[in-house]
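**Q** Starting off with a structure, shown below.
The values are calculated or read from the model by the stated rules, or taken from the named source; none is laboratory data. Every value quoted in this text rests on a predicted model; they were computed, and no experiment measured them. Please note: Cβ atoms are built from the backbone with ideal geometry, for glycine as well, and neighbour counts cover all protein chains shown. Calculation scope for accessible area: heavy atoms of the full protein, side chains included, ligands and nucleic acids excluded. Shrake-Rupley method; radii C 1.70, N 1.55, O 1.52, S 1.80 Å.
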Amino acid sequence: MTQTLPTPLNPLKIGTRGSPLALAQAEETRERLARAFELPLEAFTIVVIKTTGDRIIDRPLKEIGGKGLFTREIEAELLSGGIDIAVHSMKDMPTIQPDGLVLDTYLPREDVRDAFISPNARGLADLPEGTVVGTSSLRRRAQLKLRRPDLEVVEFRGNLQTRLMKLEQGVAAATFLAMAGLNRLRMMDDVPATAIDAETMLPAVAQGAIGIERRIDDSRVAEMLEAVHDATTGQRLAAERAFLLELDGSCETPIAGLAMLEGGTLHLRGEVLRPDGSEALDDATSCPVEDGAQAGHDMARRLLERAGAGFFDWRG
């Protein structure tokens, strides 16, 4: 490191949302940076920024603006210099960053799977016909309706703790969470969770990954972030996010995707669904790791061709 390192008197500012999971992710970032440069934790400070997505929790994301609702205020603070880096859940991130910002650092990826959460059932097969299931995810809603069209699905927004509280209050008999969030909050022993194999329920693109965003012209921060970047996660996300970008992955489109590495080979699976779960299209491909992004674009184009006229008519 040739440039000046942060100190407790002049700390590097880490921007994040204020949910318990977001704070845990920011804390992990802080600890990794401190360890990498043998600095005290006080050389890094966490700045909580409230986003529109955090303030409005009584309506579906697609009605109030999509994924950017969890990033706009944080990115504005990053661009203004109020913070030095921003820590994000990658599954919440739009595929294109604002001018002046870059997202090219990823921490080691956590468990990618979804978790089925219910105090009285171990999986979808255990739920009686007509059972109410809560989720705020269009992807999970569509995948659920595809597999169990007899179930009633209700909107279930809020952070992890809020959704667990709604479950306890009987708003729904079951819901879904990301295994990564439960693990990062060390809640696996406190929640009635059953992991769902990715072969059964393909996760969201970039699920389980933490991304660190910075100003594109901040060479000091860029050099520091190189020390904590996980190249394997970056290779996997390059393919997944290229797939998402080609499909125009907004919060209006139920899309799932997962890349896995096996030696120098990348295996990519993808799925796009109608929101009501009446139809799903999927594909899989393998390629050399360095061709992952192109493979993601190509697979998305194949699915768009297969979808044909009418598949996306609901988008208006």
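**Q** Among residues belonging to region 24-72 that are under 17 Å from the mean Cα position of the chain (by Cα), within 21 Å of SER136 (Cα to Cα) and among the hydrophobic types (A, V, I, L, M, F, W, C), point out the one that is modelled with the highest pLDDT.
**A** Filtering region 24-72 for residues that are under 17 Å from the mean Cα position of the chain (by Cα), within 21 Å of SER136 (Cα to Cα) and among the hydrophobic types (A, V, I, L, M, F, W, C), the one modelled with the highest pLDDT comes out as PHE70.
**Q** Separate question: Determine whether ARG269 is closer than 14 Å to ALA209 by Cβ, basic (Lys, Arg) and either in contact (Cβ under 8 Å) with a residue 24 or more places away in the chain or surrounded by fewer than 17 Cβ atoms within 10 Å (Cβ to Cβ) (or both).
**A** Values: closer than 14 Å to ALA209 by Cβ: no; basic (Lys, Arg): yes; either in contact (Cβ under 8 Å) with a residue 24 or more places away in the chain or surrounded by fewer than 17 Cβ atoms within 10 Å (Cβ to Cβ) (or both): yes.
Here the answer is no, as ARG269 does not meet what is asked.
**Q** With region 109-194 as the region, which strands (runs of 3 or more DSSP E) entirely inside it contain at least 1 residues that are touching a strand residue (DSSP E or B) at 6+ places or on another chain (Cβ under 8 Å), within 30 Å of GLY234 (Cβ to Cβ) and open to solvent by less than 20 Å² (accessible area, probe 1.4 Å)? First the steps, then the outcome.
**A** On the way: elements: 114-117, 132-134, 152-154, 174-178.
Once the strands (runs of 3 or more DSSP E) in region 109-194 are filtered for at least 1 residues that are touching a strand residue (DSSP E or B) at 6+ places or on another chain (Cβ under 8 Å), within 30 Å of GLY234 (Cβ to Cβ) and open to solvent by less than 20 Å² (accessible area, probe 1.4 Å), what remains is 114-117, 174-178.
**Q** Quick one: count up the residues across region 3-23 that are open to solvent by less than 30 Å² (accessible area, probe 1.4 Å) and part of a helix (DSSP H, G or I).
**A** Of the residues in that region, 1 qualify.
**Q** For region 295-308, does any single residue satisfy the condition of being open to solvent by 40 Å² or more (accessible area, probe 1.4 Å), out of contact with any Lys or Arg (no Cβ under 7 Å at 6 or more places or on another chain), within 22 Å of SER137 (Cα to Cα) and hydrophobic (A, V, I, L, M, F, W, C)?
**A** Yes, region 295-308 contains a residue that is open to solvent by 40 Å² or more (accessible area, probe 1.4 Å), out of contact with any Lys or Arg (no Cβ under 7 Å at 6 or more places or on another chain), within 22 Å of SER137 (Cα to Cα) and hydrophobic (A, V, I, L, M, F, W, C).
**Q** Which condition number in (1) over 30 Å from PRO149 (Cα atoms); (2) touching a Phe, Trp or Tyr at 6+ places or on another chain (Cβ under 7 Å); (3) aliphatic (A, V, I, L, M) is the one that ALA300 fails?
**A** (1)
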